[in-house]
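Reviewing the structure listed below.
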Amino acid sequence: MSSTSHDRAELTNLTVAQAHTLLDERQISAVELTDAHLSHIATVDNRVRAYIEVTSEGARGQAAVADARIARGEAGPLTGIPLALKDVLCTVDAPTTAASKILRGYRSPYDATSVRRLREAGAIFLGKANTDEFAMGSSTENSGFFPTHNPWDLDRVPGGSSGGPAAAVAAGEAIAGIGSDTGGSIRQPAGFCGVVGLKPTYGRVSRYGLIALASSLDQIGPFTRTVEDAALVLQTLAGQDPNDATTAPETVPDYRAALGGDLRGLRVGVAQEYSVDGMEVGVQTAVDAALAQLAALGAELVSVSLPHTEYALASYYIVLPAEASANLARYDGIRYGNVVEGATLRETYERTRGEGFGPEVKRRIMLGTYALSSGYYDAYYVKAQKVRTLIKRDFDDAFERVDVIASPTSPTVAFRIGARTDDPYQMYLADVFTIPANMAGIPGIAVPCGFAEGMPVSLQLLGKAFDESTLFRVAHAYEQSTDWHRRRPDLAREPADLASEAAD
Amino acid sequence: MSLSLADVEHVAMLARLGLPTEERERLREQLSTILGHIEVLNRLDTENIAPTAQVLPLVNVLRDDEARPSLSQEAALANAPHTRDGFFAVQAILAGTEEESA
């Protein structure tokens, strides 16, 4: 079964669809594909640091089982496909840490529903990928363990919070990745790393077994090299789950059937409000060219207004910390997680949480607790929820007139490591274009659309609730008419710079 | 919006977060700055707007009230720092409680 005609560089550069074909035709085996990835991880991950834990043994075991399944002619689209899982997804066979010291060594007694679905599909888990602690951040610098580096420039951040799976897919350390997106945590790192990232509609993918950040905003989705691959992965993840009462009963369509064809008759909204101070010229130029390309493919560009966009960030930074402060109350050192004993139970709680959580997590717990506290609840929390209504209405109104809304995914390309760590609010601004979709619950996809300063630029397309198919159709048409998705970072360069990188 | 150190200490108490002195001062500054940015919301008149807690039109998602398989006691306790007799063990919270708890 093994073949010498496929070398490591080739095997770690495949799309899900290409790998499936090679596996299905027995040109390669799942074991061979998995070993190529593990070997590539061993070579480059001391520089990229995408993984918190590489589960080599488990992956090889899954690969052998996948090969047996392929041999029986029972391979599905994800059978034998090596994946990176953001370490906020509970897995029974590897530690789950949320990149927090408070959970170091934690073993979940159950799989997340998304993990179970991928497992049943025959996918292979290469490891648990890095994230900002409890998914709080936009750069993966808030990881309680170490920062991840952008494969396009190791001195820059990969974005966040799902920087680990984004960097893994960009660096050839996984064919696809699974992340979570609460305010942009899939789309923004996908954009920074030059890969495709999808946040599905709220309620499309079960959150059972996802370590909760903000329960009304969180959604699980894929990182891939192509739009077709994103459709294939969502097909496996999507659907109602009795273990998550917020999953929607809507039928899951055949997403791949949406791909193909031109964009004639399709209306693409462009919002004036998605142009902000601090937007980089290179980003604006690339996104303008992408809009022109959508028009050349037959789409009609329509000006729309989302007047409450400027309030989205502020309302998000009340709603998110409020929900997070409640969700993170469970980490008290009693039922699981690491404990720091005090003289009294109260002191044990305070020491466990004070020493176990990192600075950003504490900041958000404090902000959320304040917003929910007596005397401030109406002024902050209820006010933010009312503004959320206005943001949702903006999209409802706009989608009366257009099929999708296009914007940059982020106002800048990936910034340098350390550049924004001293100013939390500057860090929050990295998500200014992605946050509104979470507030409204609508789906969004990030697709590569060019380069600026040698770094990837990304186009964001937002769609109507449960209309991922139209997002896939538009994103696929754009992608197939450009070459951006074929570019790969060159990790063979700059050996002289590597000593300092490896010292983290 | 400017928070006082007493505000920070009160909120830290509510959140059961033990914070060293220098961290309290840093949080006082950072939270004051963030709350300052959030004041932009006061420009909007939301008098007659209903709040949105979640976006789905789902209501009363129920299932049949029947027993289903669940975690074993052993699995549920496997990650606990302290257990006793098949329970999570915690320190005594009432004065005069004699039992050693943890």
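Bear in mind these aren't lab numbers, they're just calculated from the coordinates by the rules spelled out. Please read these numbers as outputs of a predicted model, since none were measured by experiment. Please note: Cβ atoms are built from the backbone with ideal geometry, for glycine as well, and neighbour counts cover all protein chains shown.
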May I ask which residue of A:Ala170, A:Ser315, A:Val233 lies farthest towards the positive end of the charge dipole of chain A, with charges of +1 (Lys, Arg) and -1 (Asp, Glu) on Cβ and the Cα centre as origin? A:Ser315
Asserting the computed 222 nm helical MRE of chain A (DSSP H runs at least 4 long, -39500 (n - 2.57) per run, divided by residue count, to nearest 500) equals -11000 deg cm²/dmol
Per residue of B:44-51, other chain Cβ atoms within 10 Å number on average 5
Paired Rg and Dmax values of the range B:1-99, which use every Cα atom, in angstrom: 22.8, 57
Which residue, chosen from A:Ser407, B:Leu27, A:Gly137, occupies the Cα position most advanced towards the positive end of the dipole of the protein assembly as shown, where the dipole is computed from +1 (Lys, Arg) and -1 (Asp, Glu) charges on Cβ about the Cα centre? A:Ser407
How much length, in nm to one decimal, is gained on full extension between B:Leu44 and B:Leu62, taken as 0.36 nm per residue of separation minus their Cα-Cα distance? 2.8 nm
Which listed pairs, of A:Lys86/A:Lys362; A:Lys101/A:Lys128; A:Lys383/A:Lys464; A:Lys86/A:Lys199, have C-alpha distances above 19 Å, in listed order: A:Lys86/A:Lys362; A:Lys383/A:Lys464
What is the average number of partner chain Cβ atoms found within 10 Å of a Cβ in A:346-356? 5
For the protein assembly as shown, give the magnitude of the charge dipole about the Cα centre (Cβ charges: +1 Lys/Arg, -1 Asp/Glu; no others), in debye to the nearest 20. 480
Against the longest principal axis of chain B, how steep is helix B:21-38, in degrees 0 to 90 to the nearest 10, with axes from Cα atoms? 60
Tell me the Rg and the Dmax, in Å, that the Cα atoms of the range A:228-326 produce. 18.6, 48
Each label sits 7 Å from Cα toward the beta-carbon; between A:Gln426 and A:Arg486 the label points are separated, in nm, by 3.9
Defining a contact as two alpha carbons under 8 Å apart and six or more residues distant in sequence, what relative contact order in percent does chain A show? 17
Counting each DSSP H run of 4 or more residues in chain B as -39500 (n - 2.57), what helix-only mean residue ellipticity at 222 nm follows after dividing by all residues, to the nearest 500 deg cm²/dmol? -10000 deg cm²/dmol
Using a 10 Å cut-off on Cβ atoms, rank the peptides A:91-101, A:167-177, B:8-18 from the highest mean neighbour count down. A:167-177, A:91-101, B:8-18
Sorted by Cβ neighbour density within 10 Å, fewest at the top, the residues A:Glu310, B:Glu22: B:Glu22, A:Glu310
Nearest 5 is fine: what % of DSSP beta bridges in chain A come out antiparallel, could you say? 65
The Rg/Rh figure for chain A, Cα atoms and Kirkwood Rh, to two decimals is 0.95
At 20 °C and 1.002 mPa s, the Stokes-Einstein diffusion coefficient in µm²/s for the range A:71-205, with hydrodynamic radius from the Kirkwood sum on alpha carbon pairs, is 145
To one decimal place, what orientation-averaged projected area in nm² is obtained for the convex hull of the Cα set of the range A:306-444? 10.8
What length, rounded to one decimal in nm, is gained on full extension from A:Ser374 through to A:Glu347, with 0.36 nm per residue of separation minus their alpha-carbon distance? 7.4 nm
Final fewest-first order of A:Arg486, A:Arg256, A:Arg388 on the 10 Å Cβ neighbour count is A:Arg486, A:Arg256, A:Arg388
